[in-house]
2 protein chains.
Amino acid sequence: MAGKNLGGPEADALDLGAVFRALADEHRRSVMTRLAADRSDSERGCNSFDLPISKQTQTHHFRVLREAGLIDEIDYGNRKGVRLRRADIEKRFPGLLALLEAESPGGAAPR
Amino acid sequence: MAGKNLGGPEADALDLGAVFRALADEHRRSVMTRLAADRSDSERGCNSFDLPISKQTQTHHFRVLREAGLIDEIDYGNRKGVRLRRADIEKRFPGLLALLEAESPGGAAPR
DNA sequence: CTTCAGGTACGATTCAAGTCGTACCTGAAG
DNA sequence: CTTCAGGTACGACTTGAATCGTACCTGAAG
């Protein structure tokens, strides 16, 4: 029952180019914006984002995010979980998640 | 003699998607990394970056950076100047330039 | 004036990326 | 067992972006 975590790069190995390429796509940025705005960092289902694209394309986008080191994907066989790698991102690229959070619909307010 | 400043978006109109798309390219990110690391924010020539690409392609890349609102281009007719829009970027996307500066060859040292 | 370096405009080419169709796998629920 | 929803693998298509060739413009220096 315990899903296995699909591999991604180590925290130190995160590449800014890969991160920017990942965030250049609107759908992926939408996912990251919502993940950054959710401070609970709870594991979420892949279809909790209501992306207006086919499931094959969703698979592709989540894979890109994982290979960029931005999320963890937990494979349960017939479903999949997604979790933001907040600590690793914050350590390697401090401030990046704040930029994304500021793009959240209700998240532009400075604190 | 006074070059005219080629237009770009206003500070408030900077789009994070366009910025990420601009920074996704290695050559453009190389330019921005060096601009971010140079705290003098002086105007620089376009060929002061030693990009290993043709001049037509350089024109294309600098245009993308300008249209994303990251740089100003000053047209003198037969040459061109480039200046980082540090204040506007810092206002709209605080911390972004620090991320780029950290990628600078000698700029990874935390303060 | 002519020459020349820096830059642009336009088009063509090449390549990467987003998208989806078809087929298949996986685990849970009947 | 069968059924079904969620997900993946593979291939094909399409679009956008990076690159460059050719031609032309601009201003400065002879």
inquiry  = Restricting to Cα pairs below 8 Å that are 6+ residues apart, what does the relative contact order work out to for chain B? Please round to a whole percent.
reply    = 38 percent
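When you look at the Cβ of every residue in A:22-29, what mean number of other chain Cβ atoms sits within 10 Å?
On the way: counts 2, 7, 10, 4, 3, 0, 1, 3.
Mean number of neighbouring Cβ atoms from other chains: 4.
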key: With DNA, RNA and ligands ignored, accessible area of B:Thr59 (1.4 Å probe; Å², nearest 10)   = 80 Å²
remark   = The distance between the Cα centres of the stretch B:25-76 and the stretch A:1-63, in whole Å, is 30 Å
query = How far, in whole Å, is the nearest Cβ of chain A from the axis relating it by rotation to chain B, and which residue carries it?
reply = A:Gly95, 1
note = Over chain B, with neighbouring protein chains present, the accessible area per residue in Å² at probe 1.4 Å is 54 Å²
task = Hey, can you grab everything whose amide H is under 5 Å from the amide H of B:Ile71? Only 5+ residues off in sequence or another chain; H modelled, so Pro and N-termini drop out.
result = B:Arg66, B:Arg85
task = Along Cα-to-Cβ, 7 Å out, sits the label point; list in nm, shortest first, how far the one on B:Gln56 is from those in the other copies.
result = 3.6
inquiry  = Please check: in the Gaussian network model of chain A (C-alpha springs, under 10 Å), which one of A:Asp75, A:Asp41, A:Asp50 has the largest mean-square fluctuation.
reply    = A:Asp50
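Multiplying the sequence separation of A:Ile53 and A:Ser104 by 0.36 nm and subtracting their Cα-Cα distance, what value in nm do you get? Mind dumping the intermediate values first?
Numbers: separation 51, 0.36 × 51 = 18.36 nm, distance 2.04 nm.
16.3 nm is the gain from fully extending A:Ile53 to A:Ser104.
The values are calculated or read from the model by the stated rules, or taken from the named source; none is laboratory data. Quick caveat: nothing in here was measured; it's all calculated off a predicted structure. In this analysis, Cβ positions are derived from the backbone assuming ideal geometry, glycine residues included, and neighbour counts consider all displayed protein chains. Remember, those area values only see protein heavy atoms, side chains included, never the ligands or the DNA or RNA. Shrake-Rupley method; radii C 1.70, N 1.55, O 1.52, S 1.80 Å.
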